[in-house]
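> Pasting a structure below so you can have a look.
The values are calculated or read from the model by the stated rules, or taken from the named source; none is laboratory data. Since the model is a prediction, treat every value here as computed from it, not as a measurement. Positions of Cβ are generated from backbone atoms using ideal geometry, with glycine treated the same way; all protein chains shown enter the neighbour counts.
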Amino acid sequence: MNPEIFRESFEKSIAAASSPIQKYEVIAASVAAAFNIKEDEVALFSYDISRDALVFIWPQSLKSVGSIPLNAHRCLVSKTAIERKGVLDNGFASTPHLYMFEHFLSDKAKRVPIQKIMSVPIIIEDTLRGVIQAARKGPDRDSSGADFSSADLALLIYISGLIGEYI
C-alpha cells in the first residue's frame, strides 16, 4: 500500500474517533487492512515510563493481562523498544521468544502461533511512546500467508510516525 493513500484514509478514520479505545480500533483496523491481516494480528503497546514497561493497549483482550518490562529476556517487543529499530522476522515461530502472550491474542478456539511478525517502535520527538506489531498467525509458516517484505516494514515504520500522538 502506498503510504500517502494509507495516511489519507487513516486521517479520515481517526478524525471520527472520539475515545482512546475508538482510536485504537481505527489504528488496528487501518494496519490490518494495509497488510491484509486480521485486527487481532495487530498489537499496540504504550510505554509506561514510571514502570519502565510496555503496556498492552490493543487487542482489548490483552489490556488486563499486564505489562512487559523493558528488560524482559527473549521478548521481541522489549527488544524493539530498547534498540529503537524495526524488526522483520518471517520465521518467528522458530525464533526463541516468550510464547505466553500469543495465546491471549484471540479466542481460545482460534489460538494459533505467530509465524511472521514486524515490530516497530513508536517514537515521537526522540521519545519512546510505544511499539506496534503486525503479525501473521497460522498452524505453520506456509499457511500463515505471504512473507512480510522490507517494503512492508518501511510502511509500518511510516505508520508508527502517524499513530504516535494517539498512543
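> Would you confirm whether or not the range 23-40 contains a residue that is modelled with pLDDT under 95, within 19 Å of GLY130 (Cα to Cα) and not basic (Lys, Arg)?
The answer is yes; a qualifying residue exists.
> Under 8 Å between Cβ atoms, which residue pairs at least 6 apart in sequence (or on different chains) link something in the range 19-30 that is under 14 Å from PHE45 (Cβ atoms) with a partner that is surrounded by 22 or more Cβ atoms within 10 Å (Cβ to Cβ) and of a type in the set (A, V, I, L, M)?
Close Cβ pairs (under 8 Å, with a partner that is surrounded by 22 or more Cβ atoms within 10 Å (Cβ to Cβ) and of a type in the set (A, V, I, L, M)) amount to TYR24/LEU44; ILE27/VAL42; ILE27/LEU44; ILE27/ILE132; ILE27/ILE163; ALA28/VAL42; ALA28/LEU44.
> Okay, moving on. So ARG141 clears everything in (1) touching a helix residue (DSSP H, G or I) at 6+ places or on another chain (Cβ under 8 Å); (2) at pLDDT 95 or above except one condition, right? Which one?
For ARG141, the failing item is (2).
> Does ALA29 satisfy the condition of being hydrophobic (A, V, I, L, M, F, W, C), within 15 Å of the chain's Cα centre (by Cα) and assigned to a strand (DSSP E or B)? Can you show your working first?
Working: hydrophobic (A, V, I, L, M, F, W, C): yes; within 15 Å of the chain's Cα centre (by Cα): yes; assigned to a strand (DSSP E or B): no.
So ALA29 fails the test.
> Here is a check on your reading of the model: is VAL55 crowded, with 17+ Cβ neighbours inside 10 Å, at pLDDT below 95, among the β-branched types (Val, Ile, Thr) and touching a Ser or Thr at 6+ places or on another chain (Cβ under 7 Å)? Show your work before the answer.
Numbers: crowded, with 17+ Cβ neighbours inside 10 Å: yes; at pLDDT below 95: yes; among the β-branched types (Val, Ile, Thr): yes; touching a Ser or Thr at 6+ places or on another chain (Cβ under 7 Å): yes.
Taking the combined requirement at face value, the residue satisfies it.
> Go through the range 67-95 and report how many residues are within 23 Å of ARG141 (Cα to Cα) and of a type in the set (A, V, I, L, M, F, W, C).
Counting residues in the range 67-95 that are within 23 Å of ARG141 (Cα to Cα) and of a type in the set (A, V, I, L, M, F, W, C) gives 7.
> Let me ask you something else. Looking at the range 113-159, which of its residues are in contact with a Lys or Arg (Cβ under 9 Å, 6 or more places away or on another chain), hydroxyl-bearing (Ser, Thr, Tyr) and without any contact (Cβ under 8 Å) to a residue 60 or more places away in the chain?
Passing the criteria: SER119, SER144.
> Further question on the same structure: What's the total number of residues in the range 115-157 that are among the acidic types (Asp, Glu) and in a loop (DSSP other than H, G, I, E, B)?
4
> Moving to a separate point now. Quick test for you: out of SER50, SER64, SER106, pick the one residue that is modelled with pLDDT under 70 and closer than 20 Å to TYR166 by Cα. Break it down into steps so the answer makes sense when it comes.
Working: SER50 fails: modelled with pLDDT under 70; SER106 fails: closer than 20 Å to TYR166 by Cα.
Sole residue among the options that is modelled with pLDDT under 70 and closer than 20 Å to TYR166 by Cα: SER64.
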